[in-house]
Amino acid sequence: MTSILILNGPNLNLLGTRQPEVYGHVTLTDIAEMCRAHAAAHDLEILFEQSNHEGQLIDHIHAARGRDLGIVLNAGAYTHTSVALRDAISSVELPVVEVHLSNIHAREPFRHLSHIAPVALGQIAGFGAKGYLLAIDALLDHTRGAE
Ligand code: DQA
């Protein structure tokens, strides 16, 4: 069975209680379950990870090389700051779909810049947890369309 990595950055472990007016009440565990249920219909395995540490996120991206079809990445605040994450994505040459629960373009100006976007297939932002499912579909369309 093929697999994809769904990788979550800092503070996303607090979803459910973190600023629910921005991020809603869904927890990261709920999102993982939604993704697994969605993927089952596509004969796809989901590897679901979260870390608050930039280097650990980079290690997860490296580990995906040669193992996974691609990556769904919500890098949290590292989206706006991390050249190292961007370089990791460029290095592994895997398709990446960038996801954000909130619409980062409708928020503070510092969230409008994404270091991930130029090396991603595309970005999905503002649709809450549903964005992860849209990202899985986009990744599958891209990779299976290319087979
Ligand atoms: C986020 C948006 C980021 O700006 C923020 O730092 C997050 C979550 C989102 O999913 O909307 O941690 O990536």
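Readers should treat all values here as calculations from the given coordinates under stated rules, not as data from a laboratory. Because the structure is a prediction, the values reported are computed rather than measured. Note: ideal-geometry Cβ built from the backbone for every residue, glycine included; neighbour counts use all protein chains shown.
Quick rundown of the values:
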| item | result |
| --- | --- |
| Sites Val26 and Asp87 - FRET efficiency at Förster radius 30 Å, r taken between beta-carbons, to 0.05 | 0.45 |
| Cut-off under 5 Å, modelled amide H: who pairs with Glu45 long-range | Thr2, Ser3, Ile4 |
| Note, ³J(HN,Hα) from phi for the range 37-43, Karplus 6.51, -1.76, 1.60, rounded to Hz, x at Gly and Pro | 5, 5, 6, 4, 5, 9, 6 |
| Descending Cα extents along the principal axes, the range 2-143, whole Å | 36, 32, 24 |
| Residues with amide H under 5 Å from that of Ser82, placed H, sequence gap 5 or more | His115 |
| Gain on full stretching of the segment that runs from His80 to Asp59 - 0.36 nm per residue minus C-alpha separation | 5.7 nm |
